[in-house]
Amino acid sequence: MMPRGDGTGPVWGGGAGSGSGAGKKGQGRMGGNRPGSGPGGECVCPQCGVRVPHERGVPCSSVSCPQCGTSLVKA
């Protein structure tokens, strides 16, 4: 396909956004090292502060607090 119509076509393999992500660091599907990334850690109740170990494959938001019943968040 020739986006500019001048016969040059797209430039492959160069410029920003190219590459295989070899420079990425961190864990988790979203990448990065911010809270909530990665398989480990804890789930925390935003209401009462109870902490429970994060269970791999189970989103914290689908777990209810054992004390007050509020949905937990990843810490």
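The values are calculated or read from the model by the stated rules, or taken from the named source; none is laboratory data. In this text the structure is predicted, and so the values were computed from the model without any measurement. A quick note on method: Cβ atoms are made from the backbone with ideal geometry, for glycine too, and the neighbour counts reach across all protein chains shown.
Between a first residue in segment 49-63 that is closer than 15 Å to ALA75 by Cβ and a second residue that is among the small types (Gly, Ala, Ser), which pairs have beta carbons less than 6 Å apart while being 6 or more apart in sequence or on different chains?
Pairs found: HIS54/GLY41; SER61/SER71.
From the residues in segment 21-51 that are surrounded by fewer than 15 Cβ atoms within 10 Å (Cβ to Cβ) and of a type in the set (A, V, I, L, M, F, W, C), which one is modelled with the highest pLDDT?
That would be CYS48.
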